[in-house]
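Chemist: So that we are looking at the same thing, I have put the structure below in structure tokens.
The values are calculated or read from the model by the stated rules, or taken from the named source; none is laboratory data. Everything numeric in this text was worked out from a predicted model, so none of it was measured. Cβ atoms come from the backbone with ideal geometry, glycine included; neighbour counts cover every protein chain shown. Just the protein is used for accessible areas: all its heavy atoms, side chains included, with ligands, DNA and RNA removed. Shrake-Rupley method; radii C 1.70, N 1.55, O 1.52, S 1.80 Å.
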Amino acid sequence: MSLRSTIAKTAGKSSYWFLHTFMKGGSSLPGKITTKIDPEILATLGRDYDVIVITGTNGKTLTTALTVQVLKQKYENILTNPSGSNMEQGIVTTFLKAKKSRNKRPLAVLEVDEANIIKITKYIKPKAFVFTNIFRDQMDRYGEIYTTYQKILDGVALAPNATIIANGDAPIFHSKQLPNPMIYYGFNDQPESDIKASPNTDGVLCPNCQHILHYNFISYANLGKYFCPNCGYSRPELNFQLNKRIELTPKSSTFEIDGEQIKIGIGGVYNIYNALAAYSVGRFMGVSPDQIRKAFEQDERIFGRQEEINVNGKKVTLILVKNPVGLNQVIDMISTDKDPFTFIGLLNANYADGIDTSWIWDGDFERLNDMNIKQFITGGERYKDITYRLQVAEIDESKHLVEPNLDKVVEMIDDVPTEKVYILATYTAMLSLRKTFASKGFIDGGMG
């Protein structure tokens with residue numbers, strides 16, 4: 001280790017200790033200080049690790065958490081970034097806080113922002129990449145889905161020997177030939193026909209001939225068993241697959257993967273994909289199906305992702321939303337709740353959220369009218385946008401309250417007319433809420 005690296009590491013560790021001892025946390029500043037002193041510090045910090053990188057638009061945080069749970073069945077002291085601090089500085093901080101491992105070769109499972117893959121692979125050559133999906137998201141940062149994918153591939157190109165564990169139901173992940181070993185996971189649980197995705201769906205052009213892709217079935221958005229009737233391009237053979245959905249509720253999902261019945265304590269079809277990704281990583285790393293099933297049954301709480309918080313007897317579920325595909329999947333999930341509930345929609349538009357809020361117009365808020373919702377609350381920095389969107393969706397105005405201040409929104413929860421409350425919040429709104437919940441003693445800490 002060079003003198004510069006030693007100084008950088010010492011400064012970073014000291015700042016991390018100070019922030020977490022006296023300031024109740026901070027995940028990016030130690031990394032920022034460290035990389036300022038030594039821009040190549042990741043080469044030193046990650047040198048002795050086997051690294052698994054998890055990236056994609058939706059599902060990174062939950063897939064990372066589930067993957068860690070699975071790998072703990074076989075490996076000790078797994079390093080990870082559980083709070084979703086997934087850019088270079090946050091990842092440097094993750095390595096700074098690492099404890100000494102008894103593993104001969106310690107393991108790091110890292111959620112990485114799509115545009116930051118190349119910043120990691122420049123210094124660390126991962127053992128594997130996991131690709132969850134790519135949907136239109138934060139247009140101001142990423143552009144269209146093909147631009148986002150190219151950002152990922154630019155980083156992957158620096159690690160051509162790493163295995164890629166990809167969602168085989170996403171056409172974009174089979175659109176380019178790569179030198180890396182490939183493992184695909186996906187769904188095979190529906191009867192087959194010949195259908196097309198809805199007209200406003202992204203990513204349904206054949207990469208070979210630009211013909212509109214057809215599907216034998218669609219799980220959601222552009223995910224499913226696709227094929228091109230013009231040139232024969234089709235979904236790759238799956239290595240791991242969902243065979244059956246047994247029971248779906250807002251709080252749990254029971255299903256079969258390769259004949260193994262599995263239950264996770266989180267709802268939504270989109271989260272079955274996350275579990276399937278974690279299952280695939282586990283099998284790749286030598287974890288048995290039975291061990292994986294036991295890992296999923298642990299039902300550990302995940303930072304900000306369908307996190308249930310008891311607020312003076314109210315069952316509050318906090319769910320991150322950030323793009324139309326994810327939003328519509330959450331709406332689909334809460335529609336399975338048979339009990340009455342309160343709906344809270346909180347919209348911010350900071351850099352971490354994406355400053356363009358036009359995506360909410362592709363959200364199917366009209367479906368909320370068919371649910372047993374007793375009260376609506378909208379708020380956040382862009383409360384006018386989300387409030388107007390619900391008005392256009394013809395939500396009953398007599399049941400609709402507006403409160404921009406998120407601290408006051410938390411106070412309003414005591415007075416809502418239902419026991420269950422679903423809060424759909426963008427990233428910085430979610431962080432602000434968690435800090436308020438922490439200050440009132442409802443959770444342990446605002447930053448996970």
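Chemist: Tell me which of these residue 391 doesn't satisfy, since it passes every other one: (1) open to solvent by 50 Å² or more (accessible area, probe 1.4 Å); (2) of a type in the set (S, T, N, Q); (3) not in a helix (DSSP H, G or I).
Modeler: Just one mismatch for residue 391, condition (3).
Chemist: Check 246, 266, 212 and return the single one that is farther than 27 Å from residue 421 by Cβ and within 24 Å of the chain's Cα centre (by Cα).
Modeler: Unique residue meeting the criteria: 246.
Chemist: Any idea how many residues of region 179-204 are in a strand (DSSP E or B) and among the hydroxyl-bearing types (Ser, Thr, Tyr)?
Modeler: 2
Chemist: Another one. Looking at region 9-16, is at least one residue outside any helix (DSSP H, G or I), open to solvent by less than 10 Å² (accessible area, probe 1.4 Å) and either modelled with pLDDT under 90 or among the hydrophobic types (A, V, I, L, M, F, W, C) (or both)?
Modeler: Checked against the condition, which is being outside any helix (DSSP H, G or I), open to solvent by less than 10 Å² (accessible area, probe 1.4 Å) and either modelled with pLDDT under 90 or among the hydrophobic types (A, V, I, L, M, F, W, C) (or both), region 9-16 yields no hits at all.
Chemist: Kindly indicate the residue of region 357-372 that is open to solvent by less than 10 Å² (accessible area, probe 1.4 Å) and not in a loop (DSSP other than H, G, I, E, B) and also nearest to residue 399 (Cα to Cα) among those meeting that condition.
Modeler: Ranking the candidates gives 368 first.
Chemist: Could you please find all residues in region 394-424 being free of Cβ contacts under 8 Å to residues at least 40 places away in the same chain, assigned to a helix (DSSP H, G or I) and over 17 Å from residue 334 (Cβ atoms)?
Modeler: 397, 398, 407, 408, 411, 412, 415
Chemist: Could you identify the single residue in 212, 164 that is without any contact (Cβ under 8 Å) to a residue 60 or more places away in the chain and open to solvent by less than 30 Å² (accessible area, probe 1.4 Å)?
Modeler: When all the criteria are applied, what remains is 164.
Chemist: A further question follows. Check region 409-430 and report whether any residue there is under 22 Å from the mean Cα position of the chain (by Cα) and open to solvent by 30 Å² or more (accessible area, probe 1.4 Å).
Modeler: Scanning region 409-430, I find at least one residue that is under 22 Å from the mean Cα position of the chain (by Cα) and open to solvent by 30 Å² or more (accessible area, probe 1.4 Å), so the answer is yes.
Chemist: Farther than 21 Å from residue 170 by Cβ and open to solvent by 20 Å² or more (accessible area, probe 1.4 Å): which single residue out of 91, 41, 78 fits that description?
Modeler: Sole residue among the options that is farther than 21 Å from residue 170 by Cβ and open to solvent by 20 Å² or more (accessible area, probe 1.4 Å): 78.
Chemist: Still on this structure, I have one more. What do you reckon, is residue 77 assigned to a loop (DSSP other than H, G, I, E, B), of a type outside the set (Lys, Arg), in contact (Cβ under 8 Å) with a residue 24 or more places away in the chain and more than 21 Å from residue 152 (Cβ to Cβ)?
Modeler: Judged against the criteria, residue 77 is a match.
Chemist: For region 373-385, how many residues are over 24 Å from the mean Cα position of the chain (by Cα) and farther than 22 Å from residue 399 by Cβ?
Modeler: 0
Chemist: Would you check if there is a residue in region 287-295 being β-branched (Val, Ile, Thr), closer than 25 Å to residue 70 by Cβ and under 21 Å from the mean Cα position of the chain (by Cα)?
Modeler: Yes, that holds for at least one residue.
Chemist: Quick one: in region 94-126, which of the residues that are in contact with a Leu (Cβ under 6 Å, 6 or more places away or on another chain) and part of a helix (DSSP H, G or I) is nearest to residue 149 (Cα to Cα)?
Modeler: So, considering only residues that are in contact with a Leu (Cβ under 6 Å, 6 or more places away or on another chain) and part of a helix (DSSP H, G or I), the one nearest to residue 149 (Cα to Cα) is 121.
Chemist: At least 1 residues that are acidic (Asp, Glu) and open to solvent by less than 10 Å² (accessible area, probe 1.4 Å) in each: list the strands (runs of 3 or more DSSP E) lying fully within region 279-356 that qualify.
Modeler: 305-311
Chemist: Of everything in region 216-226, what is in contact with a Gly (Cβ under 8 Å, 6 or more places away or on another chain), crowded, with 23+ Cβ neighbours inside 10 Å and under 12 Å from residue 193 (Cα atoms)? Give them in sequence order.
Modeler: none
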